[in-house]
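Accompanying notes for the structure given below.
The values are calculated or read from the model by the stated rules, or taken from the named source; none is laboratory data. Bear in mind the structure is a predicted one, so any value in this text is a computation, not a measurement. Quick reminder, even Gly has a Cβ in these numbers, built from the backbone with ideal geometry, and neighbours come from all protein chains shown.
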Amino acid sequence: MNYLQTLDFLYSLQKTGIKFGLEKTSKLLEYLGNPHKKYKTIHIAGTNGKGSTSTFIASILSHMNYNVGLYTSPHLLKFNERIKVDGTEIEDEFIIQIFKDLKDKILELNPTFFEVTTVIAFKYFEEQKVDYAVIETGMGGRLDATNVIEPEISVITRIDLDHSEYLGDSIDKIASEKGGIIKENKPVVVGSNNEFVKRVMKEISKTKNSDCIFVDESYFSEMISKNFNELRVRVVSDITGYEYWIKSPLIGDYQVENIKNAIATFEILFPLQNLSNEISNGISKLKFPIQGRFQLIKSTPQIILDTAHNSNAIRNFLLSLNSLIPYSKVAIFGIMKDKSIDDVTELIENSFDTIYLCQARIERALDVNSLAEKFSKSKIKKFPSVKLAIETAMKDVDKKNFIVVFGSNYIVGETLEYLKDEKIYG
């Protein structure tokens with residue numbers, strides 16, 4: 001099988017759906033000699049901020065001269081984006097080879113797409129002899145396929161109501177699932193969260209005899225400046241007394257939380273070292289590129305992409321966006337069926353002159369007519385595809401305007417695909 005045939009088979013596993021549990025992942029890994037036990041890991045769960053926090057941590061480790069693997073999901077353009085070592089995506093040839101090795105076992109066990117993808121990543125990291133692998137959960141934590149690892153430290157980013165049909169219908173239940181990555185006698189860093197989440201994490205940590213560090217209680221930040229090129233922030237640690245002056249290429253006010261999550265991780269993981277230079281340089285010179293986080297495409301008109309896909313993320317993104325661009329801008333927006341945005345529709349409407357509604361090429365996408373019912377008719381234009389929405393917006397809007405694309409990883413991914421095809425980007 002060639003690369004495309006291999007991916008077709010992998011994607012066909014998506015019909016298996018989402019099934020929580022560690023048994024099949026463990027059996028596949030055991031078949032391969034348990035590669036995930038050959039290197040150190042850092043495990044990251046949460047609703048928002050996982051990708052950015054993971055990227056910061058991996059880049060800092062790489063700047064410290066460790067060989068580092070990074071596993072994230074979903075991808076925007078190409079499957080290989082999910083699995084990287086030292087900033088470089090997994091090779092097509094390795095995906096083909098590992099699939100050949102696993103095919104009979106896959107047919108026997110009938111695992112999910114994410115279970116197989118996780119196993120491919122863990123095996124690749126062994127082959128590449130990584131020192132550390134930074135592992136982002138797919139969904140949840142306790143029964144997520146990635147939770148077969150025994151990490152050096154766990155990180156819980158901001159938790160919100162999301163994927164309720166799988167994780168529970170309350171913030172307490174979702175927090176309990178995310179907190180399932182906390183391991184016996186291993187520390188956990190908990191990002192900025194409400195008191196309900198913090199209480200759950202305290203309880204889990206106590207039962208696991210795990211030191212629990214709450215970032216919002218021990219790290220303090222001051223925004224220095226921000227523009228489309230960088231965000232500058234000062235962070236002071238109440239734990240060590242160290243001061244960090246950070247220049248981040250990932251902008252957006254919400255990135256300050258993710259930066260503090262990364263700093264806390266390193267202070268706990270390397271308690272006897274002052275790593276302020278390594279942390280500052282690792283963040284300012286991101287070794288692991290990440291797309292779709294307040295990403296500016298310098299086209300005419302200019303385009304901003306953000307993968308904000310639930311109410312909390314959308315709110316944080318738009319508040320940060322509006323502080324930078326209070327004037328004319330239009331939106332290209334679509335969401336998934338399982339997302340509730342009723343509490344941010346007014347903010348979306350007030351932020352844009354026109355909203356070009358569309359739907360991604362995926363069954364989970366909310367159809368554009370149903371989406372339109374959430375907005376004032378005077379504000380919206382409806383399109384059956386992302387491509388048609390962005391084509392029309394680029395013709396309609398003034399060259400000085402901004403086109404802002406958000407609402408889903410899939411909406412951003414299809415936009416990037418169009419921009420690359422049209423040689424506007426990449």
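Values computed for the structure shown
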item	result
Given (1) aliphatic (A, V, I, L, M); (2) within 23 Å of Lys183 (Cβ to Cβ); (3) without any contact (Cβ under 8 Å) to a residue 24 or more places away in the chain, index of the condition Met139 fails	(3)
Yes/no for Arg158 being in contact with a helix residue (DSSP H, G or I) (Cβ under 9 Å, 6 or more places away or on another chain) and closer than 21 Å to Ser311 by Cα	yes
Checklist (1) in contact with a strand residue (DSSP E or B) (Cβ under 7 Å, 6 or more places away or on another chain); (2) more than 27 Å from Leu269 (Cα to Cα); (3) not basic (Lys, Arg) applied to Gly69, failing item	(2)
Tally of residues being among the basic types (Lys, Arg) and in a helix (DSSP H, G or I) across region 339-381	2
Number of positions in region 294-327 that are surrounded by fewer than 14 Cβ atoms within 10 Å (Cβ to Cβ) and either of a type in the set (Gly, Ala, Ser) or touching a Pro at 6+ places or on another chain (Cβ under 7 Å) (or both)	1
All strands (runs of 3 or more DSSP E) inside region 1-109 with 2 or more residues being in contact (Cβ under 8 Å) with a residue 12 or more places away in the chain and surrounded by fewer than 14 Cβ atoms within 10 Å (Cβ to Cβ)	none
Looking only at region 402-426, and only at residues there that are assigned to a loop (DSSP other than H, G, I, E, B) and more than 18 Å from Phe317 (Cβ to Cβ), the one that is modelled with the lowest pLDDT	Gly426
Matching strands (runs of 3 or more DSSP E) fully within region 142-261 where at least 2 residues are under 26 Å from Leu22 (Cα atoms), touching a strand residue (DSSP E or B) at 6+ places or on another chain (Cβ under 9 Å) and touching a residue at least 60 places away in the same chain (Cβ under 8 Å)	153-156
Residue count for region 314-338, restricted to those that are more than 28 Å from Lys399 (Cβ to Cβ), in contact (Cβ under 8 Å) with a residue 40 or more places away in the chain and in a loop (DSSP other than H, G, I, E, B)	2
Residue check for Asn312: among the polar types (S, T, N, Q) and out of contact with any Lys or Arg (no Cβ under 8 Å at 6 or more places or on another chain)	no
Residue under evaluation Asp421, criteria (1) surrounded by 14 or more Cβ atoms within 10 Å (Cβ to Cβ); (2) out of contact with any Asp or Glu (no Cβ under 8 Å at 6 or more places or on another chain), criterion not met	(1)
From the options Gly334, Gly407, residue that is surrounded by 13 or more Cβ atoms within 10 Å (Cβ to Cβ), of a type outside the set (A, V, I, L, M), touching a Cys at 6+ places or on another chain (Cβ under 6 Å) and outside the structural domain of Gln14 (by TED's automatic domain parsing)	Gly334
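Conditions (1) in the same structural domain as Ile259 (by TED's automatic domain parsing); (2) within 16 Å of Ile213 (Cα to Cα); (3) at pLDDT 90 or above, marked per residue:
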residue: Tyr124; (1), (2), (3): yes, no, yes
residue: Thr146; (1), (2), (3): yes, no, yes
residue: Ile171; (1), (2), (3): yes, no, no
residue: Ala175; (1), (2), (3): yes, yes, yes
